[in-house]
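Heads up, the thing below is written out as structure tokens.
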Amino acid sequence: MLAFIGVAAGIVIGGLPGLSATMAVAVLVPITFGMEPSSGLIMLGAIYTGAIYGGAYSAILVNTPGTPSAIATTFDGYPMAKRGDGDLAVTLATLSSVVGGLTGAFALLTLAPALATIALKFGSVEYFWLAILGLTLISALSDGATLKGFIGASLGLLLSTVGVAVVGGDVRYTFGSSLLLGGVEIISALIGLYCIPVLIDLVATPDPHLRISQKSGGFRLREAMGLALRSKFNMLRSAVIGTIVAILPGAGGSIASLVAYSEARRSSPRRENFGKGEPDGILATESANNATVGGGFIPTLVLGIPGTPPDAIILGALLVQGIRTGPELFAENASISYTFIYGLLIATFMLLPMGLIIGRYAFKSIIGIPKAILAPTIAFMTVIGTFAIRNNIWDVLIMLVLGVIGWFLNRAGIKPSPIVLGLILGPIAEQGFVQAFLMGQAQGNVLAFFFTGPIALSIVAIIVVAMVYPLIGQTMRWRRGLNTRQSDD
Amino acid sequence: MTEAQITHTEKQRDWPGMIYAGFFVVIGVFAVYFTRDMSPLGAVFPKTIALALIIFSLSYIAQNLISPGSVQRLTTEGSWLRRTALVVVMLAWVLLLNTLGFLLAGVLGFIGMILAGNYDAWSRRRVLIYAAVSAAIIGGFYTLFAIVLNVPLPEASWL
């Protein structure tokens, strides 16, 4: 029942342009605070699953991705809708979302325990390097703006040091104010950085994307299944890509769907049709972005490092519930972990009937909400949602201030994801760093202690590759640009 | 990406980005300065991060001055007045929560946001519909959080 409600709520919110899966989970997370941990987790997983899928509706029918994960769905979805195949496109998105969601959830079910065994070998040094890896990956994935990604991550890390220190109990950067003693609350920061910039831009223009494509007909399930079976390898490959990308902390559904789309286009015999309404494009992107749900939970649950921004919020919700993620989650809270994973599978199965029905009958009414009502409703949810986390008005104020700052930073090309990752991973990195530093000091060689053991060294190697590779690419692009200008001169 | 965010890619110096980077250098310097009040153990992490922020920001400025690359810009279109109105309304809403209580501040905030976000001509029918929808949304959320979930929402201080 909770999965049913969660999927429905997620689809509705995800289907609204501007409301991402992150926002869906963020604004609805306080509802789960009063629930049993396993029930709350099932609901959050279902909301997330539904929201990622729901983003496809507006992407297909009005060329506006409901969530960032559905960006690539617009490439072929909207051309299909324009030529009168909007209903077919929605059904294709539903089928591929189910395939992708199931793949990700099965990966979580089968790979998570294996990863947990490895994660048990993690000490303070490994956790420190793992946190750094999470930060470097998201910065490295800020294609073309790597330094801005690093700047954003540093800002997030610095914000995470506000308040009482995790080790030692120092009071830092509070400027004598007791309001900042508790630090910057993670979910408040997430709501501010992701929701407020959307709100600010939502009211700025009259919204033409509320227009509805009038070409929807029926489900066209048989036709869609034929196309899906024809492209079963494409769907499976995209689902695997989605799962793998989601395991990398911070990568997210938008990157997964873009990678899967480009791979589907590269390997398709009909590649010239991509971008003009090719069903394989929708099958690839929707399969990949729904696979990120289960895939993203692998590092979130096993290592305590969020794979995607919604995972970060769910991680926050787990902490509120008093559950500490990591290897001990599967050892000490096995029933909660597996109940959650099976709940995710059930939620994914529910996507098929619910997605088809909601997609057919409810979309027009959802998209028809006027801005004058949509904006205050979102604002109301952000205020009440943020307040409910710690019953603290100052959290709401911090949320708003961070949101406005986030809007300006976005203009400067600094995305919220690196800041958020810095904020989340900061305490993990600091705790690991200080503990390892003290242990190294006790052993007489701090530096050597940080580079001891195969796991630590492997993570360091991945960090080096993740940092150097995009910088080389960026330098090459600049040089190409420089050469072009010189030849023009 | 909304209508108000249109991306352009240009090959030129990113002056706004450099100004931001300069600002982050100042923040980093202040962050390092304030670590003097902390214990050595408590200062090591924030000092390291602040130095990293300074280095990355200076690198960005240097990179732009020496060899500018492609800069992806978000062109801000739409009404600045409405944007400002939204932020002011939300700020007032939050600051008045303790004085007016959650319900009254929420109602006033909701009305302010409707005014900031409305582009349609006002009619008696529209006013009635918006009033009914607003009441349903505020009432629904208030009931859910205050009554069902027992969240102690702020009460008016003057009552």
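Roughly how many percent of the accessible protein surface of the range A:272-337 is carbon and sulfur, given a 1.4 Å probe and a whole-percent answer?
The value for the range A:272-337 is 51 percent carbon and sulfur by accessible area.
The label point for A:Ile462 and the one for B:Ser67, both projected 7 Å from the Cα toward the Cβ, are 3.0 nm apart. For the residues of B:93-99, the average number of beta carbons from a partner chain within 10 Å of their own beta carbon is 4.
Distance between the modelled labels on A:Arg271 and B:Ala131, one decimal in nanometres: 6.2 nm (7 Å Cα→Cβ projection). Over all Cα atoms in the range B:79-146, the spread is summed up by Rg and Dmax: 12.8, 35 Å.
Computed about its Cα centre, the charge dipole of the range A:346-470 is approximately 560 debye, with only Lys, Arg, Asp and Glu carrying charge at their Cβ.
Evaluated at 20 °C with a viscosity of 1.002 mPa s, what Stokes-Einstein diffusion coefficient in µm²/s does chain B have when Rh comes from the Kirkwood expression over alpha-carbon pairs?
My calculation gives 104 µm²/s for D.
Taking a label point 7 Å from the Cα of A:Arg390 along the Cα→Cβ vector, which residues of the range A:424-445 have an amide N closer than 17 Å to it? From the range A:424-445, the list is A:424-428. If you look at the Cα atoms of the range A:385-436, you get an Rg and a Dmax of 14.0, 38 Å. Applied to the range A:272-283, the Karplus parametrisation 6.51 cos²θ - 1.76 cosθ + 1.60 on θ = phi - 60° returns per-residue 3J(HN,Hα) values of 5, 7, 5, x, 10, x, 7, x, 4, x, 5, 4 Hz, with x for Gly and Pro. Peptide A:28-34 is shielded by partner chain Cβ atoms: per residue, an average of 2 of them sit within 10 Å of its Cβ.
Protein heavy-atom accessible surface, 1.4 Å probe, per residue over the range B:29-159: 53 Å².
Buried surface for the A/B pair, taken as the accessible area of each chain alone minus that of the pair with a 1.4 Å probe, is close to 6500 Å² in total. What is the mean number of Cβ atoms from other protein chains located within 10 Å of the Cβ atom of each residue in peptide B:129-140, rounded to a whole number? Averaged over the peptide's residues, the number is 2. Label-to-label distance for B:Asn150 and A:Ala448 is 5.7 nm, based on points extended 7 Å past Cα in the beta-carbon direction.
Checking the cross-link pairs A:Lys276/A:Lys415; A:Lys371/A:Lys415; A:Lys232/A:Lys415; A:Lys148/B:Lys47; A:Lys232/A:Lys276; A:Lys276/A:Lys371 against a 27 Å limit on the alpha carbon distance flags A:Lys276/A:Lys415; A:Lys232/A:Lys415; A:Lys276/A:Lys371 as lying beyond it. With the highest mean first, a sort of the peptides A:294-300, A:372-378, B:51-57 on other beta-carbon atoms found within 10 angstrom per residue produces A:294-300, A:372-378, B:51-57.
What number in nm² do you get for the range A:263-411 if you take the convex hull of its Cα atoms and divide its surface by four? Numbers along the way, then the final one.
Details: hull surface 53.4 nm².
For the range A:263-411, averaging the hull's shadow over all directions gives 13.3 nm².
The values are calculated or read from the model by the stated rules, or taken from the named source; none is laboratory data. Keep in mind that this is a model prediction, so the values were computed, not measured. Virtual Cβ from ideal backbone geometry, glycine too; neighbours counted across all protein chains shown. With ligands, DNA and RNA removed, areas are computed over all heavy atoms of the protein, side chains included. Shrake-Rupley method; radii C 1.70, N 1.55, O 1.52, S 1.80 Å.
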